[in-house]
Every structure is written in structure tokens, then in C-alpha cells.
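*Asks:* One structure is given below, represented as C-alpha cells, and several questions about it will come after.
The values are calculated or read from the model by the stated rules, or taken from the named source; none is laboratory data. Because the structure is a prediction, the values reported are computed rather than measured. Cβ sites come from the backbone with ideal geometry, for glycine too, and all protein chains shown count toward neighbours.
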Amino acid sequence: MPVTSEVERPDPAPDGPALPVNELFASLQGEGGLAGVPSTFVRTSGCNLRCWFCDSYHTSWEPTHAWMAVDEVVEEVRARDPNHVVLTGGEPAIHEESFELLRRLAADHHLTVETNGTVVPPEDTPIDLASISPKLASSTPSDERPPAGVDGPGGADGAVVTDGWTERHEANRIDLDALVTLVERYESQLKFVVTERDDMPEIVDLVERVRDAAGVPIPDREVLLMPEGQTREQLASTRTTVAELAVEYGFRYTPRIHVDIWNDAPET
């Protein structure tokens, strides 16, 4: 997936605060409690985890990006109509400049940050909705389940492709203290990518651990189950099971309407 052609691609990075921006576009929010809302997306490059099923692997395993000054990102966002802004990745919270961007946009935009829940922003960071997607054990990459964008087990040349990430991902994918801080500090939703029914015991256990540790309630309506799938065909094989699990456990089902409408097209 290329960097958007609508954004200039200066190289090297500009002076002053800048972000590696993979995509900047207007579309519909496809997931979560605000699914269907017109939104401007700022997708940063880089991630501290390596989910094998990542639907934006071009931001992590095979990063492509344009360096953009924060001033330029602000201008591009304000040039688009939606006042709902989704800062996503990759993992946007690994960049300090993401927090400066949020502060610059806070006065006239509703701000959603999509995060894996392992990094806590500075306390004064304005976020209207923290969309937290903790990564389950089923997300951990392996030679049998190489990351998206790699051809087959072991990669196209048969080499080991995980490069130590199996252990690193598994060790870092859940940070309970960070999750608790995020749900206490911001309006939030816990959005789990479900690959199979066997994910549910881990989801239930983690939700209960966060509930026990947090000083705020986490109602079932703020726990979202989302089917794994980067294409319509993949979603077709998982959505019914995940919807049935949401009914069974009393959690909320979230669609992936951008995939339903545009399949896996860029900038959707």
C-alpha cells in the first residue's frame, strides 16, 4: 500500500515536530462505537508489536511513510470536512509528536486514538475516545503464521521472518497498568480482534482483570468483539461466529464496514 499521493513527501524529515504519516484521508469510521461516522484518518508509521494478521502491516513490518511536519498535518486535517479525527497506526502513541498533534486539534475536533493499550500518553493529552485493542495470544506471529505481507511460512525465501518478534510480541502485548490508566483517564472502548471461539476465555479474563484494577466501571457495552479479516472473504468466514459470541457473552459486536464496502482498498 503506497503512501497517499495527496501528501507531499519531503525527505529528510522537516525541521521541528514531525510525524511519519503513512496515510491521511477522509472516509467513514469502520469500527467501534462510532462506526459509520465521517472521519479524517491520520495513520502513523511504526508499531511496537507485530500481530500476524495486521491489516496495516505497511506501517510496521514493511513501513512506508512520508515525514510530515505537525503543522502540515494540522493543515491537511482542517482542509477536510469531518470534525471527527482518528489517529491510528501502527501504534501512534509511540511518537511524542502524536500528542502535540492532538493538542493542536483538540479545540475544534472530536479525537479518537486507536491504540494497542501498551503506551500511556502524557496526562494532559486531549483524547475524546481511547479505542483500545489489546492483543490476544492468537495475535502472536510465528513461522507458521508470519505477518501479513510475508509470503508463506518462513517468508518467500524460507528464512525465519519473525526476527525475534515472537518472543518480544508475546512479552509486551499486554500491559495491565497501561490499560487501567487509559480506561480511568479517558472515555474508552476495549475492542478485541477475535479470530476464533478459543479467544473468549482470554478476553473474559483480561476484562475482569482490568475491571478489578480500575477505579471506574467498564460496562459490557464498552467491550467490543470484532471479527478478524482484511478482506470481505475473510470476514465472511468469521463474522457470524463473532456475532454469536457477542450475543452469548453479552458484549458488543462491531462490524468492519470499511472492509464490507471497499474491501482492502487503500485509504478506506
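*Asks:* State which residue pairs qualify: first residue of a type in the set (Val, Ile, Thr) and inside segment 225-254, second residue modelled with pLDDT under 95 and assigned to a helix (DSSP H, G or I) in any location, beta carbons under 8 Å apart, and separation of 6 or more residues or different chains.
*Replies:* 231/259
*Asks:* Another question, if that's okay. Go through segment 100-149 residue by residue and tally those that are among the β-branched types (Val, Ile, Thr), more than 19 Å from residue 203 (Cβ to Cβ) and outside any loop (DSSP other than H, G, I, E, B). Even if it seems obvious, please write down each step before you answer.
*Replies:* Here is the first cut: in segment 100-149, the ones among the β-branched types (Val, Ile, Thr) are 112-113, 115, 118-120, 125, 127, 132, 140.
Applying the additional criterion that residues be more than 19 Å from residue 203 (Cβ to Cβ) yields 112-113, 119-120, 125, 127.
Now drop any that are not outside any loop (DSSP other than H, G, I, E, B), which leaves 112-113.
Total satisfying the criteria: 2.
*Asks:* Something else about it: Please count how many residues of segment 142-180 are at pLDDT below 65 and touching a Phe, Trp or Tyr at 6+ places or on another chain (Cβ under 6 Å).
*Replies:* Total satisfying the criteria: 2.
*Asks:* Now a separate question. Considering only residues of segment 57-81 that are of a type in the set (Gly, Ala, Ser) and at pLDDT 95 or above, which is nearest to residue 129 (Cα to Cα)?
*Replies:* This residue is 79.
*Asks:* Here is a follow-up. From the set of residues in segment 68-99 that are small (Gly, Ala, Ser) and either touching a strand residue (DSSP E or B) at 6+ places or on another chain (Cβ under 8 Å) or touching a residue at least 12 places away in the same chain (Cβ under 8 Å) (or both), which is farthest from residue 117 (Cα to Cα)? Quick ask: steps written out before the conclusion?
*Replies:* Taking segment 68-99 first, the residues small (Gly, Ala, Ser) are 69, 79, 89-90, 93, 98.
This time we only want the ones that are either touching a strand residue (DSSP E or B) at 6+ places or on another chain (Cβ under 8 Å) or touching a residue at least 12 places away in the same chain (Cβ under 8 Å) (or both), so: 69, 89-90, 93, 98.
Values: 69: 25, 89: 13, 90: 12, 93: 9, 98: 15 Å.
In this case the residue turns out to be 69.
*Asks:* While we're looking at this one, here's another question. Please verify whether residue 198 is under 23 Å from residue 52 (Cβ atoms), at pLDDT 95 or above and surrounded by fewer than 16 Cβ atoms within 10 Å (Cβ to Cβ), treating the condition exactly as stated.
*Replies:* Criteria met by residue 198.
Quick grid of which residues meet (1) crowded, with 21+ Cβ neighbours inside 10 Å; (2) modelled with pLDDT of 95 or more; (3) under 26 Å from residue 261 (Cβ atoms); (4) not polar (S, T, N, Q):
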| position | (1), (2), (3), (4) |
| --- | --- |
| 31 | yes, yes, yes, yes |
| 36 | no, yes, yes, yes |
| 55 | no, no, yes, yes |
| 83 | no, yes, yes, no |
| 107 | no, yes, no, yes |
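*Asks:* May I pose another question? All but one of (1) under 17 Å from residue 53 (Cα atoms); (2) surrounded by fewer than 18 Cβ atoms within 10 Å (Cβ to Cβ); (3) modelled with pLDDT of 95 or more hold for residue 266, so report the exception by its number.
*Replies:* For residue 266, the failing item is (3).
*Asks:* Please go through segment 217-242 and pick out each residue that is surrounded by 15 or more Cβ atoms within 10 Å (Cβ to Cβ) and within 28 Å of residue 184 (Cα to Cα).
*Replies:* Within segment 217-242, 218, 222, 223, 224, 225, 226, 227, 228, 242 meet the criteria.
*Asks:* Suppose we filter 183, 210, 247 for residues that are at pLDDT 95 or above, surrounded by fewer than 15 Cβ atoms within 10 Å (Cβ to Cβ), outside any loop (DSSP other than H, G, I, E, B) and not acidic (Asp, Glu); which single one remains?
*Replies:* 247
*Asks:* Does segment 28-57 hold any residues that are farther than 24 Å from residue 97 by Cβ, assigned to a loop (DSSP other than H, G, I, E, B) and not charged (D, E, K, R), and which are they?
*Replies:* Scanning segment 28-57 gives 30, 35, 36, 37, 52, 53.
*Asks:* Could you list all residues from segment 127-141 that are among the β-branched types (Val, Ile, Thr) and modelled with pLDDT of 95 or more?
*Replies:* The first filter runs over segment 127-141 and keeps only residues among the β-branched types (Val, Ile, Thr), leaving 127, 132, 140.
Correct list: 127, 132.
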